[in-house]
Amino acid sequence: MYFIKKDSADGRLLIWQCSLNMVADKPVFGHGHGAFQAKYMYYQAEYMNAHPENRFASLADNVLHPFNEYLLVLTEHGCAGFCIVILLVLLIFRAYHSKPDEAKLTAMMSILALAVFSFFSYPFRYPFTWLLLFLNISVIYNSSVNRNYSFDTFALKRFIFPKIYLRIITCLLSVGLLMTSVTLMRTEMKWKRIARFSLGNVLPEYDKLYRWLGKDGLFLYNHAAELYEAKEYEKSLAVFEQSTRYHNDMDVQMFLAANYSALGKYVEAEQHYKMAADMCPARFRPLYELAKLYDDVGRVEEACDLAKKIIDKDVKVPSFTIDAMKKEMRLLIEVRKTADEPASEVQTFKPSGNEDTKAG
């Protein structure tokens, strides 16, 4: 199976390697819920920077999930969270073996299919998978209920409420969950609608949606991108910095660099362009923008060296955009070679006093 789609399999091996590096940094309790999307790309950039000539360089791309649910638990919740998962699995097996029957066997086979699928993909990102899991668990436990169990009797005597109170609490929780779900659904529908519009009155609408979607990394990314297009660079930087807490990849780094460059903070812009290039070494855009930055600030020799690297770089997926970038880099080298200004007189930029700190 590995050789059927070898490049895709190698790409996942790279993701698993970087994910294990994340686990090694915080093995006990992990990096926290949702930390994979916020931190993984830094580990991939570090790995690519440390192994620039490795066979995975051309396969590295933006990653939002490790393509392995068990690795996701380990990276975000550590060994403690993984032990809880193992405990739940053991409890399910115990319930199955207490009184095996055909219905429970079918449910166990369904759970086994999910367990195998979870090694190679992200089934639990879909609500249907959770629904299927809970259905299977209910089948296993409902057919193994034994009211004579001392543990169950103890639990019932100590924790159970009168049926009327339990029903009231369940109804109130259900109504609250339904109202919250409907509100979030309407909010995301509105976000989708305004995302299609040109700037105009879009930014005030984003501000209104912030109350509900202020912790959604993709929403913050869209909001910050709109602020950049509106040339509100300081505000865009602040929102992008907040976005990196929930979602961070090459595209976020490119926008951060573009904002810093527009504000004249070239040192910070250079750092983010380099980070974007390390995150996805096969991409041309980060190197292209970095070469243009060097050329704009007078670092001609570095701009030409990087332009040569772009021209000689292997193309993973041919496109008109990449051809245009290479053509522009050839032109840059030709223009700089024919320039009369000696290299010794070329000025290089240095960080000013306020360029050592990041915005927001």
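Taking each residue of the range 39-56 that is modelled with pLDDT under 90 and looking for partners that are of a type in the set (S, T, N, Q) with beta-carbon atoms closer than 9 Å, six or more apart or interchain, yields Phe56/Gln17.
Matching residues to (1) farther than 23 Å from Ala224 by Cα; (2) surrounded by fewer than 15 Cβ atoms within 10 Å (Cβ to Cβ); (3) outside the structural domain of Asp216 (by TED's automatic domain parsing); (4) of a type in the set (Lys, Arg):
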position	(1), (2), (3), (4)
Tyr273	no, no, no, no
Lys316	yes, yes, no, yes
Ala324	yes, yes, no, no
Met329	yes, no, no, no
Leu332	yes, no, no, no
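Checked against (1) at pLDDT below 80; (2) part of a helix (DSSP H, G or I); (3) among the basic types (Lys, Arg), Arg147 passes all but condition (2).
Can you tell me which residues in the range 184-202 are within 12 Å of Asn222 (Cα to Cα), of a type in the set (A, V, I, L, M, F, W, C) and modelled with pLDDT of 80 or more? If the condition is that a residue be within 12 Å of Asn222 (Cα to Cα), of a type in the set (A, V, I, L, M, F, W, C) and modelled with pLDDT of 80 or more, then Trp191 is the only one that fits. With the condition kept exactly as written, say whether any residue in the range 194-208 is in a loop (DSSP other than H, G, I, E, B) and buried (at least 21 other Cβ atoms within 10 Å of the Cβ). Checking the range 194-208: not a single residue is in a loop (DSSP other than H, G, I, E, B) and buried (at least 21 other Cβ atoms within 10 Å of the Cβ). Taking residues in the range 229-249 that are at positive phi, and partners anywhere that are surrounded by fewer than 23 Cβ atoms within 10 Å (Cβ to Cβ), the pairs with Cβ atoms closer than 9 Å and at least 6 places apart or on different chains are Lys231/Ala262. Condition check: assigned by TED's automatic domain parsing to the domain that holds Ala291, at pLDDT 90 or above and in a helix (DSSP H, G or I). Does Asp251 satisfy that? The answer is yes for Asp251. Against the conditions (1) outside the structural domain of Ala103 (by TED's automatic domain parsing); (2) surrounded by 11 or more Cβ atoms within 10 Å (Cβ to Cβ); (3) modelled with pLDDT of 70 or more, Cys171 satisfies every one except (2). Does Tyr210 count as of a type in the set (Ser, Thr, Tyr), farther than 19 Å from Tyr42 by Cα and modelled with pLDDT of 95 or more? When the stated conditions are applied, Tyr210 does not pass them. Give me the residue from the range 99-144 that is more than 30 Å from Lys5 (Cβ to Cβ) and part of a loop (DSSP other than H, G, I, E, B) and, out of that set, modelled with the lowest pLDDT. Ranking the candidates gives Ser144 first. Checked against (1) in the same structural domain as Ser118 (by TED's automatic domain parsing); (2) over 17 Å from the mean Cα position of the chain (by Cα), Met1 passes all but condition (1). Quick check on the range 86-98. Is at least one of its residues free of Cβ contacts under 8 Å to residues at least 40 places away in the same chain, surrounded by 16 or more Cβ atoms within 10 Å (Cβ to Cβ) and assigned to a helix (DSSP H, G or I)? Looking for residues that are free of Cβ contacts under 8 Å to residues at least 40 places away in the same chain, surrounded by 16 or more Cβ atoms within 10 Å (Cβ to Cβ) and assigned to a helix (DSSP H, G or I), one finds none in the range 86-98, hence no.
Considering every residue within the range 313-321, establish whether at least one is at pLDDT below 95, farther than 23 Å from Asn248 by Cα, of a type in the set (D, E, K, R) and more than 29 Å from the chain's Cα centre (by Cα). No, that holds for no residue. Looking at Val63, is it in a helix (DSSP H, G or I) and not small (Gly, Ala, Ser)? Considered against the rule, which asks whether it is in a helix (DSSP H, G or I) and not small (Gly, Ala, Ser), Val63 comes out as no.
The values are calculated or read from the model by the stated rules, or taken from the named source; none is laboratory data. What you see is a predicted model; the values in this text were computed from it and never measured. Cβ sites come from the backbone with ideal geometry, for glycine too, and all protein chains shown count toward neighbours.
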